[in-house]
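Peer 1: Once you've had a glance at the structure underneath, I'll fire off some questions.
We did not get these values from a lab; they are worked out from the coordinates using the rules stated. Just so it is clear, the model here is predicted, and its values are computed rather than measured. Here the Cβ positions follow ideal geometry from the backbone for every residue, glycine too, while neighbour counts run over all protein chains shown.
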């Protein structure tokens with residue numbers, strides 16, 4: 001007997017599997033996007049808070065140094081305060097540049113899953 005729905009049934013099954021796979025990948029992408037948003041929010045909050053508190057500490061420390069040396073070595077106090085601020089600023093810029101360069105790949109898990117799917121499809125096509 002010739003089954004006229006056999007070929008289209010197989011095509012439907014493959015299409016259904018493809019749609020299920022795409023749906024799963026999109027869900028994974030959504031989860032990764034949400035995780036990345038939360039990670040970036042925590043990172044930004046931490047950076048802003050650290051910069052603010054360290055900035056206050058630096059300003060108050062440099063004011064203290066300047067006041068402590070005002071009567072005897074006023075120019076030296078200001079020079080040391082300026083040098084400290086400059087070195088700390090350059091160090092912070094270096095750390096920020098390093099963190100920017102080492103950024104994680106966005107949607108790494110989704111990309112890995114898609115690569116796995118691509119390899120599986122290539123293996124299915126091979127004789």
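Peer 1: Estimate the FRET efficiency between residue 114 and residue 47 by the formula 1/(1 + (r/R0)^6), using the beta-carbon distance for r and 35 Å for R0, to the nearest 0.05.
Peer 2: Computed FRET efficiency for residue 114 and residue 47: 0.65.
Peer 1: Considering the values (1) 2.13; (2) 1.03; (3) 1.65, which represents Cα Rg over 2.2 N^0.38 Å as calculated for the structure under consideration?
Peer 2: (1)
Peer 1: How many nm separate the modelled label positions at residue 35 and residue 71, each set 7 Å beyond the Cα in the direction of the Cβ?
Peer 2: Calculated label separation equals 6.1 nm.
Peer 1: Modelled label-to-label distance, residue 14 and residue 82, 7 Å Cα→beta-carbon offset: nm?
Peer 2: 7.5 nm
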